[in-house]
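The values are calculated or read from the model by the stated rules, or taken from the named source; none is laboratory data. Just so it is clear, the model here is predicted, and its values are computed rather than measured. Methodologically, a virtual Cβ is constructed for each residue, glycine included, from the backbone with ideal geometry; neighbour enumeration extends over all protein chains shown. These area figures cover heavy atoms from the full protein model, side chains too; ligands, DNA and RNA do not enter into them. Shrake-Rupley method; radii C 1.70, N 1.55, O 1.52, S 1.80 Å.
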Amino acid sequence: SQTIHQWPATLVQPVGSPLSLECTVEGTSNPNLYWYRQAAGRGLQLLFYSVGIGQISSEVPQNLSASRPQDRQFILSSKKLLLSDSGFYLCAWSKGQRYGYTFGSGTRLTVV
Amino acid sequence: QQPVQSPQAVILREGEDAVINCSSSKALYSVHWYRQKHGEAPVFLMILLKGGEQKGHEKISASFNEKKQQSSLYLTASQLSYSGTYFCGTVETSGSRLTFGEGTQLTVNP
């Protein structure tokens, strides 16, 4: 069966510090991968998605970036965090357009 | 284009029914439904594809009217475990990204 791992679960970082969140999927190959962010009490905002190694589409231009160095690994990064980057970050995968998304357990990021 | 969900919140007693609506101003390829418990990740419930299908998942079912660009989620004989925030997500026929609504908070009381 397929599983998705996301870490860390919580993170408190000072403004201006770098960020690296990692997500890996097991039990499938060539998944579509996604990074979403959720502000408290709000819906999910798509940040990046990838349909293959090295293929990244950015939905929201900001100080975040994403990379997919391996088929089942998706990384979200920032060189310098802003207060507005705080939120609940969720990685997800799907088999394709005709399938639902499976989310990782999320990372709650607080920038102080 | 973000879909619009209604109502924003609903409170039920155990055993009562509820309907959550999702609408878009764009032509849709698919509609997804997810449930999120407080502090947890969303969990996929079902996907409805272009073709106006209706799907069921235990006592939770949904319909998709592609002509009206609307979907509805039906919860019958609600249980305490149904409490949470329900999100619809839509994929437009012209795109591939899944865009979520703002959610409907459902509370089921004993």
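A quick yes/no check of all residues on (1) free of Cβ contacts under 8 Å to residues at least 60 places away in the same chain; (2) in contact with a Lys or Arg (Cβ under 7 Å, 6 or more places away or on another chain); (3) among the polar types (S, T, N, Q); (4) surrounded by 14 or more Cβ atoms within 10 Å (Cβ to Cβ):
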| residue | (1), (2), (3), (4) |
| --- | --- |
| A:Pro8 | no, no, no, no |
| A:Ala40 | yes, no, no, no |
| A:Arg68 | yes, no, no, yes |
| A:Leu81 | no, no, no, yes |
| A:Ala92 | no, no, no, yes |
| A:Tyr99 | yes, no, no, yes |
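Residues of the stretch A:32-55 being more than 12 Å from the chain's Cα centre (by Cα), within 14 Å of chain B (Cβ to nearest Cβ) and not polar (S, T, N, Q), which ones?
A:Ala39, A:Ala40, A:Gly41, A:Arg42, A:Gly43, A:Val51, A:Gly52
Any residue that is assigned to a loop (DSSP other than H, G, I, E, B), surrounded by 21 or more Cβ atoms within 10 Å (Cβ to Cβ) and over 11 Å from the mean Cα position of the chain (by Cα) - is there at least one of those in the stretch B:86-105?
yes
Report, by residue number, each residue of the stretch A:65-112 that is within 11 Å of chain B (Cβ to nearest Cβ), assigned to a strand (DSSP E or B) and of a type in the set (S, T, N, Q).
A:Ser94, A:Thr102, A:Thr107
Return only the number of the condition from (1) more than 29 Å from B:Lys37 (Cβ to Cβ); (2) facing another protein chain (nearest Cβ under 9 Å); (3) of a type outside the set (Lys, Arg) that A:Glu59 does not satisfy.
(1) is the only condition that A:Glu59 fails.
Residues that are under 23 Å from A:Ser94 (Cα atoms), within 14 Å of chain A (Cβ to nearest Cβ) and open to solvent by less than 50 Å² (accessible area, probe 1.4 Å): find the strands (runs of 3 or more DSSP E) completely inside the stretch B:1-58 holding 3 or more of those.
Qualifying strands (runs of 3 or more DSSP E): B:28-36, B:43-49.
Among the residues of the stretch B:42-61, are any polar (S, T, N, Q) and closer than 30 Å to A:Val60 by Cα?
No, there is no match, as no residue in the stretch B:42-61 is polar (S, T, N, Q) and closer than 30 Å to A:Val60 by Cα.
State whether one or more residues within the stretch A:2-14 are modelled with pLDDT of 95 or more, farther than 22 Å from B:Gln36 by Cβ and of a type outside the set (Val, Ile, Thr).
Yes; the residues of the stretch A:2-14 include at least one that is modelled with pLDDT of 95 or more, farther than 22 Å from B:Gln36 by Cβ and of a type outside the set (Val, Ile, Thr).
Please work out which residue is farthest from the chain's Cα centre (by Cα), limiting yourself to the stretch B:65-75 and to residues that are within 14 Å of B:Val19 (Cβ to Cβ) and either open to solvent by less than 60 Å² (accessible area, probe 1.4 Å) or free of Cβ contacts under 8 Å to residues at least 24 places away in the same chain (or both).
Per the stated criteria, the residue is B:Asn65.
Please go through the stretch A:19-31 and pick out each residue that is surrounded by fewer than 21 Cβ atoms within 10 Å (Cβ to Cβ), under 16 Å from A:Thr102 (Cα atoms) and under 14 Å from the mean Cα position of the chain (by Cα).
A:Glu22, A:Thr24
Can you confirm whether B:Val108 is crowded, with 16+ Cβ neighbours inside 10 Å, in contact (Cβ under 8 Å) with a residue 40 or more places away in the chain and within 10 Å of chain A (Cβ to nearest Cβ)?
Taking the combined requirement at face value, the residue does not satisfy it.
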